[in-house]
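The values are calculated or read from the model by the stated rules, or taken from the named source; none is laboratory data. If you're wondering where the values come from, they're calculated on a predicted model, not measured in any experiment. Because the Cβ atoms are built from the backbone with ideal geometry, glycine has one as well, and the counts that use them run over all protein chains shown.
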């Protein structure tokens, strides 16, 4: 655990609104809070430097330390305190389960207090009475990984007998019904069921979290035979049914519904994955909304992380006159330090500048706490040498994972939450330890653009894609110019559409990144700080969604690439993701279109044919993840390719969604022609225009040579023209 850390309830906020700051400090000493405005979050001494401006505010004081606990691992909890007592001297539990790590320690399946069902350390089904006496089904080999089982436990306390049973559901698993009786002490009184947990044990706090899918959990107020509960039809109509949770209901929520007589509805904790295939999935329907009974399972993980639900330690009410920008509340005591980042937007419905920078916080959260493969000694050494942010998610997985990681059962992480400390969102955080430049992405890399705007005296407002999601185009429609960050990769339908509506209404849009508008995501209905990604069909991805699990749980819509949803990025900004390589930047070379009168003003004052063969991001303006124009995918016919990159290393590969065979692609072009970044300009029929650079590393070239370079000059030319009120002329041919 970090000595001190915390998070805010929001990543963006407007003047007059209140930010809740939640802190956990292991120290006996109080900590000091200091509000700062972040100008540049790059700790590289070869660049502008890490620049923060202290801001005077009443929150700049000391606060008492306290530890705020949390745990990873998802489960369901239901309060059974108001349910009627058991009346027939016995109780029967049954469920379907699909263990994914059956030998990863004790894992609770169901706990009702005096009786629990679990998998033991060796992978055998077991039942436990009164948290102490264990009965284990060891007659046949341990449970198989990723196979469905019907499990069963009858406790007859009047007769002093426990029956434990298991029926494999898979055609591969050949053993038949396994059932065994055990003698146990007779009970002198009827046991109470006060709480029910699924996918963990309670002792008294949740522990022993389950990895795998569970469905069809039922409780019966009597001693039943396994044959009575072996099918859903029998189990749910039985006269002794006490509780039955139907996980096919409320899939987009954290609520679970008990369809039994006592209505013991439950709540899910730490967002286990819903909209997953169940034990009876036929493969005939891929959308859970069309066959809910085949998606009646929940996939629980022992490392799921949702809303940490820490208590608020202090609040920050944004002053009405506070300038829009990137801010941090720095926390310091004798034992450690941390920073809580957030963005201040202008008052709703107003603009305070001509330029709006849309900060891609959805992308930040999706990558939040990315435990990277290259974390290690080199990272620690560079962080120390540069005085960078000292903590990596690789050293602190206890704060939960990124959707770029796998769960402990090797399934992909589908959900990410901002309601927890996200270490890689901190100012000064490093990504790549071996890069010849700064090795930055996301939050920190986007401050290269903010520092450039500050250096040249441009006034700007900040809006995040969370405002676009909630408010639509109204959040940006009054700005003459809208700039993206370096990597606006993840979007909801609402945030994607806000950009489209802005462009179509005459806005001037500058797409200053690469691999943008690529994946479709969804926002949790009840907890907007939690995002969902389904990595369906294709795309460059670190894991793939399981067959039948391509539709989001949160909104029921088809996940995956925006291209597969009929909205390729080329339609929006003229270019789309085409290639990824190592974190090395190359350069652009001007094309003949650079002298076209429609766009020649972009190169005013630039005689060089080579653009951006320098920079803090990989050493060049065109690198790592690059986008190209492609009419087949929607690049407008009037788009001008002004410059294209060249000289990329052999590490670069074309995106898989365009590959048909190892020798053929959708563009019907030589493979090496797919590996390039295109700088594109086009006008829109409504008098607006779009300028796209198609490279993640572009903004890393802006600070080069104290901001005096051809990439800097080029962007100044674009922005200076875009803020002018004169409409662009749409070419007729």
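Some values worked out for this structure:
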quantity: Residue 408 vs. criteria out of contact with any strand residue (DSSP E or B) (no Cβ under 6 Å at 6 or more places or on another chain), touching a residue at least 24 places away in the same chain (Cβ under 8 Å) and over 30 Å from residue 27 (Cβ atoms); calculated: yes
quantity: Of all residues in segment 347-398 being touching a helix residue (DSSP H, G or I) at 6+ places or on another chain (Cβ under 9 Å) and free of Cβ contacts under 8 Å to residues at least 24 places away in the same chain, the one that is surrounded by the fewest Cβ atoms within 10 Å (Cβ to Cβ); calculated: 395
quantity: Unique residue being surrounded by 16 or more Cβ atoms within 10 Å (Cβ to Cβ), assigned to a loop (DSSP other than H, G, I, E, B) and not assigned by TED's automatic domain parsing to the domain that holds residue 10 when the list is 539, 585, 556, 605; calculated: 539
quantity: Selection from segment 507-536 of residues that are under 30 Å from residue 727 (Cβ atoms) and not in a loop (DSSP other than H, G, I, E, B); calculated: 508, 509, 510, 511
quantity: Single unsatisfied condition, residue 495 versus (1) more than 20 Å from residue 583 (Cα to Cα); (2) surrounded by fewer than 24 Cβ atoms within 10 Å (Cβ to Cβ); calculated: (2)
quantity: Elements of type strands (runs of 3 or more DSSP E) contained in segment 1-107, each with 3 or more residues being modelled with pLDDT of 95 or more and over 21 Å from residue 398 (Cβ atoms); calculated: 18-25, 31-40, 51-54, 75-79, 91-99
quantity: Within segment 331-344, tally of residues that are crowded, with 21+ Cβ neighbours inside 10 Å and closer than 15 Å to residue 424 by Cα; calculated: 5
quantity: Only listed residue being crowded, with 16+ Cβ neighbours inside 10 Å, over 22 Å from residue 184 (Cβ atoms) and within 38 Å of the chain's Cα centre (by Cα), chosen from 69, 142; calculated: 142
quantity: Candidate set from segment 217-249 (those that are farther than 21 Å from residue 85 by Cα and modelled with pLDDT of 95 or more); member that is surrounded by the fewest Cβ atoms within 10 Å (Cβ to Cβ); calculated: 249
quantity: Residue list for segment 269-293, filter: in a strand (DSSP E or B) and within 27 Å of residue 168 (Cβ to Cβ); calculated: 273, 274, 275, 276
quantity: Residue match in segment 451-471 (condition: free of Cβ contacts under 8 Å to residues at least 24 places away in the same chain and outside any strand (DSSP E or B)); calculated: yes
quantity: Segment 167-214 - residue that is part of a strand (DSSP E or B) and touching a helix residue (DSSP H, G or I) at 6+ places or on another chain (Cβ under 9 Å) and, of those, modelled with the highest pLDDT; calculated: 167
quantity: Number of the exception - residue 671 against (1) on the phi < 0 side of the Ramachandran plot; (2) at pLDDT 95 or above; calculated: (2)
quantity: Residue in segment 381-394 that is under 30 Å from residue 468 (Cα atoms), in a loop (DSSP other than H, G, I, E, B) and within 12 Å of the chain's Cα centre (by Cα) present; calculated: no
